[in-house]
Amino acid sequence: MDRKLKIGFIGLGQRGAAYGMTDGSIGLLGNVLKNSDDAIVTVICDKYQERLDAAAKKIVEHGYDMPMQTQNYKDVMNAGIDAIIISTSWDMHVKVALEGMKAGIPVAMEVGGTHSIEDCWKLVDCYEETGTPIFFMENCCYNKDEALVTSLVRNGVLGELAYCQGYYCHDLREEIAGGIDTHHYRLKEYMEHNCENYPTHELGPIAKLLNITSGNRFTKLVSMASKAVGMKSYIAKNPKYSAPERLGNAEFKQGDVVTTMIQCENGETVFLKLDTTLPRLYERGLTASGTEGFYCQTTRAVILDDGTVDHEMTSYKDMFHTQDNYDRYLPDDWRTITPEQIKAGHGGMDYIMLKHFFRCLKGNKPMPIDVYDAVTWMCVTALSEQSIAQGCMPVEFPDFTRGKYKTRKTVDTMDYPVIKE
Ligand SMILES: NC(=O)c1ccc[n+]([C@@H]2O[C@H](COP(=O)([O-])OP(=O)(O)OC[C@H]3O[C@@H](n4cnc5c(N)ncnc54)[C@H](O)[C@@H]3O)[C@@H](O)[C@H]2O)c1
């Protein structure tokens, strides 16, 4: 397809349209408007009129025609668009995606877990019945650090992987409590559920490293939740929220720190940590351990078993930033990115992710993060909720590929270089 894709946006909150954001972020809408040669936004949808008004204003200010606007997502399906971008609350992702896929409109769906294994199967069945492409927008798979470690692993630099680890550590106390004014969905989620509620930022890149759904699969998990004291303490300290008619009497089910261990069919294990309601710095902590080396995102270190590191004596501090030596492993997307594109969201990964989605659609190519990846990563939320509720019992993963993982090939649209040392 030579012309620009016509996009319908559903969900115009913080992520969709940077609604109410004061940190300079532009959201997915701003990203498409500012940077894409591939797409224009012709339809927008949100439950709230003021969010529609703000997004429409932005679109017109960027020199585009006034988009069609609606508060009913079903209207978007009949509006002559080429793709839908879904950035609603988690509970609506699958409902909207199914509606789009049944109408034959390719879907890009924001990240988040699901509480329902049944919903995962619905998504798989709908994809298999309709063949409508669905892309799971796990932007961390396109981040520079994750691209580097993926390239190192694809090039065999770390040897055979045995273990990976990742975190979603992000102090979200203000976002959660603030939901009482902003309608943000996290407030209800944290009151009603206790689970690994946001697994995919760390698990997506790890699943790609371990060839999950293409040669390997997750077999079982065990989750454990700490007590839930962070939100109560935050609210009690904060006069904005502490009145009884505000959140003073609110109860939260969600444990402050949830740890999850996953076993893979090929023998690797994965450790995940969710830590969002205690004071802390942001950290994803991606770690990969193999027979020839170790990668750690937190220290930005690559440590190889080649005699250059004295494993007993070298201090933690000396290991910082060693990954700079490995830039030659980066794919072209990260060599050619412009400062403007880097500013377009999360340090550039949003721009690269959307570019890959649009190019796959235009070229009729398979999605690099497809329905099987999406449900395999999202279902961790439902499985961890079961495990915690059953006193940390192991829970089996469904095989959403129905055996196809044995022969499926990984789709890498990032062109990882082949380095011959
Ligand atoms: N990939 C990332 O880096 C990243 C970052 C932040 C958020 N997210 C994801 O983006 C999504 C949205 O998060 P957010 O923080 O913007 O939430 P938000 O609450 O600010 O925005 C969600 C929007 O969806 C709208 N909405 C909900 N149900 C709807 C419906 N039935 N019809 C139309 N509109 C509806 C809401 O009115 C709201 O404006 C989540 O899935 C979240 O996990 C991803």
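The values are calculated or read from the model by the stated rules, or taken from the named source; none is laboratory data. Here the structure is a predicted model, which is why all the values come from computation and not from measurement. Here the Cβ positions follow ideal geometry from the backbone for every residue, glycine too, while neighbour counts run over all protein chains shown.
Do you know which residues across region 22-56 are assigned to a helix (DSSP H, G or I) and of a type in the set (S, T, N, Q)?
Taking region 22-56 first, the residues assigned to a helix (DSSP H, G or I) are 27-35, 49-56.
If the condition is that a residue be assigned to a helix (DSSP H, G or I) and of a type in the set (S, T, N, Q), then Asn31, Asn35, Gln49 are the ones that fit.
Kindly establish whether Lys220 is assigned to a loop (DSSP other than H, G, I, E, B) and either in contact with a Gly (Cβ under 9 Å, 6 or more places away or on another chain) or farther than 29 Å from Met353 by Cβ (or both).
Values: assigned to a loop (DSSP other than H, G, I, E, B): no; either in contact with a Gly (Cβ under 9 Å, 6 or more places away or on another chain) or farther than 29 Å from Met353 by Cβ (or both): yes.
The answer is no for Lys220.
If you take the residues of region 173-201 that are closer than 18 Å to Arg246 by Cα and among the hydrophobic types (A, V, I, L, M, F, W, C), which of them is surrounded by the fewest Cβ atoms within 10 Å (Cβ to Cβ)? Step through it out loud before you land on a result.
Step one: of region 173-201, the residues closer than 18 Å to Arg246 by Cα are 173-192.
Filter once more, keeping what is among the hydrophobic types (A, V, I, L, M, F, W, C): 176-177, 180, 187, 191.
On the way: Ile176: 27, Ala177: 25, Ile180: 15, Leu187: 21, Met191: 17.
Here the residue is Ile180.
Tally up the residues in region 99-109 that are more than 10 Å from the ligand (Cβ to nearest atom) and not in a loop (DSSP other than H, G, I, E, B), please.
6
Enumerate the helices (runs of 4 or more DSSP H) found wholly within region 314-375, keeping only those where 2 or more residues are in contact with a Pro (Cβ under 8 Å, 6 or more places away or on another chain) and farther than 22 Å from Tyr198 by Cα.
349-362
Identify, please: which residue in region 181-229 is in contact (Cβ under 8 Å) with a residue 60 or more places away in the chain and of a type in the set (Val, Ile, Thr) and is, among those, farthest from the ligand (Cβ to nearest atom)?
Thr219
Does Val395 qualify as being surrounded by 13 or more Cβ atoms within 10 Å (Cβ to Cβ) and more than 30 Å from Gly104 (Cβ to Cβ)?
Yes: the conditions hold for Val395.
Can you run down the residue pairs with Cβ atoms below 7 Å, 6 or more apart or on separate chains, where the first is in region 155-176 and more than 15 Å from Asp256 (Cβ to Cβ) and the partner is acidic (Asp, Glu) and at pLDDT 95 or above?
Here the result reads Val157/Glu292; Leu158/Glu292; Gly159/Glu292; Leu161/Glu268; Ala162/Glu268; Tyr163/Glu268; Cys164/Glu268; Gly166/Glu202, each pair linking region 155-176 to a residue that is acidic (Asp, Glu) and at pLDDT 95 or above.
Cys169 fails exactly one of the following numbered conditions: (1) under 27 Å from Ser387 (Cα atoms); (2) away from the ligand (no atom under 15 Å from the Cβ); (3) touching a Lys or Arg at 6+ places or on another chain (Cβ under 9 Å). What is the number of that condition?
Every listed condition holds for Cys169 apart from (2).
Just to be sure, is Gly267 touching a strand residue (DSSP E or B) at 6+ places or on another chain (Cβ under 9 Å) and loosely packed, with under 14 Cβ neighbours inside 10 Å? Give the steps one after another, and end with the answer.
Values: touching a strand residue (DSSP E or B) at 6+ places or on another chain (Cβ under 9 Å): yes; loosely packed, with under 14 Cβ neighbours inside 10 Å: yes.
Against the criterion (touching a strand residue (DSSP E or B) at 6+ places or on another chain (Cβ under 9 Å) and loosely packed, with under 14 Cβ neighbours inside 10 Å), Gly267 qualifies.
Only one residue in Thr322, Thr308 is more than 19 Å from Ala162 (Cα to Cα) and buried (at least 17 other Cβ atoms within 10 Å of the Cβ), so which one is that? Reasoning before the result, please.
Working: Thr308 fails: buried (at least 17 other Cβ atoms within 10 Å of the Cβ).
Only one candidate passes the filter, namely Thr322.
Can you tell me which residues in region 110-147 are assigned to a helix (DSSP H, G or I) and either modelled with pLDDT under 95 or among the aromatic types (Phe, Trp, Tyr) (or both)?
As a first pass, look at region 110-147 and keep what is assigned to a helix (DSSP H, G or I): 117-130, 139-142, 144-147.
Residues satisfying the conditions are Trp121, Tyr127, Tyr142.
Which of the residues that make up region 110-148 are away from the ligand (no atom under 15 Å from the Cβ) and basic (Lys, Arg)?
Once the filter is applied, which keeps residues that are away from the ligand (no atom under 15 Å from the Cβ) and basic (Lys, Arg), region 110-148 yields only Lys122.
Quickly run through region 60-69 and pick out the residues that are under 15 Å from Ala17 (Cβ atoms), surrounded by fewer than 22 Cβ atoms within 10 Å (Cβ to Cβ) and touching a residue at least 12 places away in the same chain (Cβ under 8 Å).
Correct list: His62, Tyr64, Gln69.
Could you tell me which numbered condition Ser25 fails, if it satisfies all but one of (1) within 15 Å of the ligand (Cβ to nearest atom); (2) surrounded by 20 or more Cβ atoms within 10 Å (Cβ to Cβ); (3) under 20 Å from Met137 (Cα atoms)?
If we test Ser25 against (1) within 15 Å of the ligand (Cβ to nearest atom); (2) surrounded by 20 or more Cβ atoms within 10 Å (Cβ to Cβ); (3) under 20 Å from Met137 (Cα atoms), just (2) comes out false.
Being more than 13 Å from the ligand (Cβ to nearest atom) and among the hydrophobic types (A, V, I, L, M, F, W, C) is the filter here; which residues of region 28-47 pass it?
Those that are more than 13 Å from the ligand (Cβ to nearest atom) and among the hydrophobic types (A, V, I, L, M, F, W, C): Val32, Leu33, Ala39, Ile40, Val41.
Residue check: is Arg402 outside the structural domain of Ser116 (by TED's automatic domain parsing), part of a loop (DSSP other than H, G, I, E, B), among the basic types (Lys, Arg) and surrounded by fewer than 18 Cβ atoms within 10 Å (Cβ to Cβ)?
Yes; evaluated as a whole, the condition is true for this residue.
Among the residues that make up region 230-238, is at least one of them surrounded by fewer than 14 Cβ atoms within 10 Å (Cβ to Cβ) and without any contact (Cβ under 8 Å) to a residue 24 or more places away in the chain? Steps first, answer last, please.
Here is the first cut: in region 230-238, the residues surrounded by fewer than 14 Cβ atoms within 10 Å (Cβ to Cβ) are 236-237.
The next check asks that each one be without any contact (Cβ under 8 Å) to a residue 24 or more places away in the chain; those that pass are 236-237.
The answer is yes, given that some residue of region 230-238 is surrounded by fewer than 14 Cβ atoms within 10 Å (Cβ to Cβ) and without any contact (Cβ under 8 Å) to a residue 24 or more places away in the chain.
Quick check: is even one residue across region 6-16 more than 13 Å from the ligand (Cβ to nearest atom), within 26 Å of Cys360 (Cβ to Cβ) and not in a helix (DSSP H, G or I)?
yes
Can Ala382 be described as more than 17 Å from Ile212 (Cα to Cα), surrounded by fewer than 18 Cβ atoms within 10 Å (Cβ to Cβ) and of a type in the set (A, V, I, L, M, F, W, C)?
Working: more than 17 Å from Ile212 (Cα to Cα): yes; surrounded by fewer than 18 Cβ atoms within 10 Å (Cβ to Cβ): no; of a type in the set (A, V, I, L, M, F, W, C): yes.
It is false that Ala382 is more than 17 Å from Ile212 (Cα to Cα), surrounded by fewer than 18 Cβ atoms within 10 Å (Cβ to Cβ) and of a type in the set (A, V, I, L, M, F, W, C).
Within region 76-89, how many residues are more than 19 Å from the chain's Cα centre (by Cα) and near the ligand (Cβ under 10 Å from one of its atoms)?
1
Whether any residue in region 78-95 is on the phi > 0 side of the Ramachandran plot, exposed (fewer than 15 other Cβ atoms within 10 Å of the Cβ) and modelled with pLDDT under 95 is what I want to check.
No, region 78-95 contains no residue that is on the phi > 0 side of the Ramachandran plot, exposed (fewer than 15 other Cβ atoms within 10 Å of the Cβ) and modelled with pLDDT under 95.
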